[in-house]
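Report on the structure given below.
Bear in mind these aren't lab numbers, they're just calculated from the coordinates by the rules spelled out. Computed from a predicted model, the values in this text were never measured in an experiment. Because the Cβ atoms are built from the backbone with ideal geometry, glycine has one as well, and the counts that use them run over all protein chains shown.
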Amino acid sequence: MTLNERLRRVWEIFSIYLPILLMGLLALGTWWLVRNAPKPIEQPQQREISHEPDYYMRDFSIKTFDATGRLQSEIQGETLKHFMDTDTLEIQKARMRSISPDGRVTLATANRALSNADGTEVQLFGDAVVTREEFRKTGTKSVPPMQFRGEFLHVWPNQERVKSHLPVTLTRGPDQFTGDAMDFDNYSQVLNMRGDVKGKMQPSRVTSTLTPRSNNRP
């Protein structure tokens, strides 16, 4: 067998196994790429927000104004804490003052207050007192002062509503009402008291337009 014939023989054998060799190299290269490819970046786990204050203030005073610059409300207290998870404010020794568009002043004090972010809902705890000062519109009779007192008062300033599931004393001018629970709506001028309800009114000096309702059912 000549040299050319040998080379031809080797080439024929090589050409038979060449596709298998190429496939093996391709599989090896693919395995290498998969093994050395960078791992996907793991998404950071979302941090759970705990009920911890994210900021606080001491001996503070916060005032809010409307678009015309009129004072709407003022909140004062010894300490204020803001909780991010509920977007609420907790105030110790709270003192609040709000002024309605027609000029009527409402004051509120409590050992502790819990308010939502915009102050439209406030809960007062411990020696809670809400007082609507005497008010007179031009050409009308004066509206006597009104005061709510109890260990807990739930107040919606914009809706002019006060509610409590605990005993409350309501004083309006010479009239006084007490009950184990109360719901007062100033817009409708309806007072709903439940439990052991007692009232003292002086007909000769009646200036109230309140409609008291007693409901002894729990």
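Rounded to the nearest 0.05, what FRET efficiency do Thr88 and Gln147 give with R0 = 30 Å and r taken as the Cβ-Cβ distance? Could you check?
For R0 = 30 Å, the calculated efficiency reads 0.70.
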Task: region 115-168 shape via C-alpha gyration tensor axes, a/c threshold 1.5 - done: oblate
TODO: State which entries of Lys137/Lys198; Lys63/Lys200; Lys93/Lys141; Lys93/Lys137; Lys81/Lys163; Lys93/Lys200 exceed 26 angstrom in Cα-Cα distance in the structure shown.
DONE: Lys137/Lys198; Lys63/Lys200; Lys93/Lys141; Lys93/Lys137; Lys93/Lys200
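Within 10 Å, count the other beta carbons around each residue, average over each peptide in 191-203, 164-176, and list them highest first. Display every interim value, and only then the final one.
Numbers: 191-203: 15.1, 164-176: 18.1.
Ranked by mean Cβ neighbours within 10 Å, highest first: 164-176, 191-203.
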- [ ] Tell me the chymotrypsin sites (Phe, Trp or Tyr not before Pro) within region 112-191 that lie in a loop according to DSSP and have at most 14 other beta-carbon atoms within 10 Å.
- [x] Tyr187
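Could you tell me which of rounded, prolate or oblate describes region 62-173, using a ≥ b ≥ c as the square roots of the eigenvalues of the alpha-carbon gyration tensor, with rounded for a/c under 1.5 and, failing that, prolate when a/b is larger than b/c and oblate otherwise?
Numbers: a/c = 2.21, a/b = 1.25, b/c = 1.77.
In terms of gyration-tensor shape, oblate.
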Task: Cleavage-rule hits, trypsin sites (Lys or Arg not before Pro), region 44-144, DSSP coil, Cβ neighbours within 10 Å at most 11 - done: Arg47, Arg70, Arg136, Lys137, Lys141
